[in-house]
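S.K.: Please see the structure below; I have some questions.
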Amino acid sequence: SKTPTTLRHSMNLILRTLVLSAVVFSASAQDYQIIFNGKDLSGWKGLDQFWSVQGGSIVGQTSAENPSKGNTFLVWQGGEVGDFEFICKTKFEGNNSGVQYRSRLSRPASFGVSGYQADLHPAQKNFGMLYGEGLGRGIIANRGQQVVVDAVGKKSVVGKVGNDANLV
């Protein structure tokens, strides 16, 4: 397995959820790279008090006894990629979580990031929304919306994707 050879954008995969498996596919080829070995956090960095590997999965956890002072992420350090598909299985409890992509480490000491997040949220109407973490945009697109953002940042809903089968 290898990373794509044509680099158009640098990217850090940033994760703050339970990952059972994670794979990056190159959009230009059928190559893929497994980015989590199932054993330890080799190739990933984050605040040690929140991240571990349990039962072959990456686990991120906060609690009343071990709270986070703001959003913090586990950042993949395996290189730069071009166009890609990211595939993972997730499980979460409590409030929301998400997977960051096309993001940058904006607050290195706390592993805070700025970029796009596929949101994992307990409310089905918000599950899968596109959120702009640290971008000053907040929710960019709710679940099922096709949105265009113009040069000055104005969002317009221009269509619909998917179906409403699981919306509550």
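The values are calculated or read from the model by the stated rules, or taken from the named source; none is laboratory data. Given the structure is predicted, the values throughout are model-derived calculations rather than measurements. Every residue, glycine as well, gets a Cβ built from its backbone with ideal geometry; the counts of neighbours run over all protein chains shown. Please note that ligands, DNA and RNA were not included when accessible areas were found on the heavy atoms of the full protein model with its side chains. Shrake-Rupley method; radii C 1.70, N 1.55, O 1.52, S 1.80 Å.
S.K.: Failed condition for Val161, given (1) closer than 30 Å to Asp48 by Cβ; (2) of a type in the set (A, V, I, L, M, F, W, C); (3) open to solvent by 30 Å² or more (accessible area, probe 1.4 Å), with all others met?
M.R.: Of (1) closer than 30 Å to Asp48 by Cβ; (2) of a type in the set (A, V, I, L, M, F, W, C); (3) open to solvent by 30 Å² or more (accessible area, probe 1.4 Å), only one is false for Val161: (1).
S.K.: If you don't mind, another one. Against the definition (free of Cβ contacts under 8 Å to residues at least 24 places away in the same chain and among the basic types (Lys, Arg)), how does Lys155 come out, yes or no?
M.R.: yes
S.K.: Another one. Looking at the stretch 123-152 only, could you name the residues that are in a strand (DSSP E or B) and without any contact (Cβ under 8 Å) to a residue 60 or more places away in the chain?
M.R.: Matches in the stretch 123-152: Leu130, Tyr131, Gly132, Gly138, Ile139, Ile140, Ala141, Gln145, Gln146, Val147, Val148, Val149.
S.K.: Of all residues in the stretch 62-97, count the ones that are open to solvent by 40 Å² or more (accessible area, probe 1.4 Å), free of Cβ contacts under 8 Å to residues at least 60 places away in the same chain and not small (Gly, Ala, Ser).
M.R.: Qualifying residue count, the stretch 62-97: 8.
S.K.: Further question: For the stretch 30-57, name all the residues that are within 15 Å of Val75 (Cα to Cα) and touching a Phe, Trp or Tyr at 6+ places or on another chain (Cβ under 8 Å).
M.R.: Once the filter is applied, which keeps residues that are within 15 Å of Val75 (Cα to Cα) and touching a Phe, Trp or Tyr at 6+ places or on another chain (Cβ under 8 Å), the stretch 30-57 yields Ile35, Phe36, Leu41, Gly43, Trp44, Lys45, Gly46, Leu47, Trp51.
S.K.: Can you give me the number of residues within the stretch 122-147 that are under 23 Å from Arg104 (Cβ atoms) and out of contact with any Leu (no Cβ under 9 Å at 6 or more places or on another chain)?
M.R.: 10
S.K.: Restricting the search to the stretch 122-135, which residues are touching a strand residue (DSSP E or B) at 6+ places or on another chain (Cβ under 9 Å) and open to solvent by 40 Å² or more (accessible area, probe 1.4 Å)?
M.R.: Phe127, Gly128, Leu130, Tyr131, Gly134, Leu135 - these are the residues of the stretch 122-135 that are touching a strand residue (DSSP E or B) at 6+ places or on another chain (Cβ under 9 Å) and open to solvent by 40 Å² or more (accessible area, probe 1.4 Å).
S.K.: Conditions first: (1) more than 23 Å from Tyr32 (Cα to Cα); (2) open to solvent by 40 Å² or more (accessible area, probe 1.4 Å); (3) assigned to a strand (DSSP E or B). Asp119 passes all but one, so which condition is the exception?
M.R.: Failed condition: (2).
S.K.: So, in the stretch 45-61, exactly how many residues are touching a strand residue (DSSP E or B) at 6+ places or on another chain (Cβ under 8 Å), within 21 Å of Arg104 (Cα to Cα) and touching a residue at least 40 places away in the same chain (Cβ under 8 Å)?
M.R.: 4
S.K.: I'd like the residue in the stretch 20-57 that is aliphatic (A, V, I, L, M) and at pLDDT below 90 and, out of all such residues, is most open to solvent (accessible area, probe 1.4 Å).
M.R.: Filtering first and then ranking leaves Ile34.
S.K.: Ala109: assigned to a loop (DSSP other than H, G, I, E, B) and farther than 18 Å from Asn96 by Cβ, yes or no?
M.R.: So Ala109 fails the test.
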